[in-house]
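The values are calculated or read from the model by the stated rules, or taken from the named source; none is laboratory data. Not measured: the values here are computed from a predicted model. Neighbour counts are summed over all protein chains in view; Cβ atoms, including those assigned to glycine, are modelled from backbone coordinates with ideal geometry. SASA here: full protein model, heavy atoms, side chains in, ligands and nucleic acids out. Shrake-Rupley method; radii C 1.70, N 1.55, O 1.52, S 1.80 Å.
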Amino acid sequence: MVTVYPFHWVPAGGARHASTDARPDGALAYPSGTGVRVLCGQELVADNSELAWLWGTCTDCHAAARRVSDR
């Protein structure tokens, strides 16, 4: 069984964040340069580069994503 969560991970602002913003139709990730509101309350710009996916996870987004997924 595959669980679908109402958030997506997005590298932005030097960390991996979680966002509930809709992605463009058919996109598996937010394209670089896309403005996103993330679960820690910031508004950032997505960086969908290979290296950006290696950044550390925002601790506030991680905690918020866990709360959302536990519902």
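For the stretch 38-71, residues that are closer than 11 Å to V10 by Cβ and either assigned to a helix (DSSP H, G or I) or open to solvent by 100 Å² or more (accessible area, probe 1.4 Å) (or both) total 3. The residue that is surrounded by the fewest Cβ atoms within 10 Å (Cβ to Cβ), among those in the stretch 1-37 that are of a type in the set (G, A, S) and more than 17 Å from C58 (Cβ to Cβ), is G26.
Sort out which residues of the stretch 17-43 are among the small types (G, A, S) and modelled with pLDDT of 95 or more, and write them in order of number. Answer for the stretch 17-43, where residues must be among the small types (G, A, S) and modelled with pLDDT of 95 or more: A18, S19, S32, G33, G35, G41.
The set of residues in the stretch 7-37 being assigned to a loop (DSSP other than H, G, I, E, B) and of a type in the set (A, V, I, L, M) consists of A22, A27, L28, A29.
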